[in-house]
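Inspection log for the structure reproduced underneath, given as structure tokens.
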Amino acid sequence: MALYEHVFLARQDLAQAQVDTLAETATKIIEDNKGKVVKTENWGLRSLAYKIAKNRKAHYVMLEIDAPAGVVAELERQTQINEDIIRYMTVKVDGLEEGPSVMMRKSDRDRERRSERGDRGDRPDRGDRPERPRRDFDGE
């Protein structure tokens, strides 16, 4: 069987539970047709580079699939019918990634950087600053 990565973008106004249901539906389609979902990753709600069907953001979900070509055709057919999915792409790959994908590593790295910075409380005290004379604006 061939290896595929299937990424779809769901509308921004969906709840996370609805997005999970879409992923489960895709998994069921694959498994009913003798395929196997190796990994499912939810990349969360992300901004789009441009508006798609009046949406500025979308929920991103990636499925790593081990299945014959007919399964992918059926999955894409069902995906086209679903109004909650605004874009999708399926790519045949030579091998599946071990561990988290690049997108998941990026979000973890960003989260670490934010926690390291904290609330910027690590800045030193600026000390007493001399008072500067206040210049009033006289209108000219």
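The values are calculated or read from the model by the stated rules, or taken from the named source; none is laboratory data. Predicted model, so just to flag it, every value in this text is computed and none were measured. FYI the Cβ positions are ideal-geometry reconstructions off the backbone, even for glycines, and counts take in every protein chain you see.
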### Message
I'm checking my understanding of the structure. Among residues of segment 92-140 that are loosely packed, with under 10 Cβ neighbours inside 10 Å and hydrophobic (A, V, I, L, M, F, W, C), which one is modelled with the highest pLDDT?
### Response
V102
### Query
Which residues, taken from segment 55-72, are part of a helix (DSSP H, G or I) and in contact with a helix residue (DSSP H, G or I) (Cβ under 9 Å, 6 or more places away or on another chain)?
V71, V72
### Summary
Of the listed residues (L9, L48), the one being touching a residue at least 40 places away in the same chain (Cβ under 8 Å), within 12 Å of the chain's Cα centre (by Cα) and assigned to a strand (DSSP E or B) is L9
### Query
Just a yes or no: is a residue in segment 24-37 within 19 Å of M103 (Cβ to Cβ), exposed (fewer than 15 other Cβ atoms within 10 Å of the Cβ) and touching a residue at least 24 places away in the same chain (Cβ under 8 Å)?
no
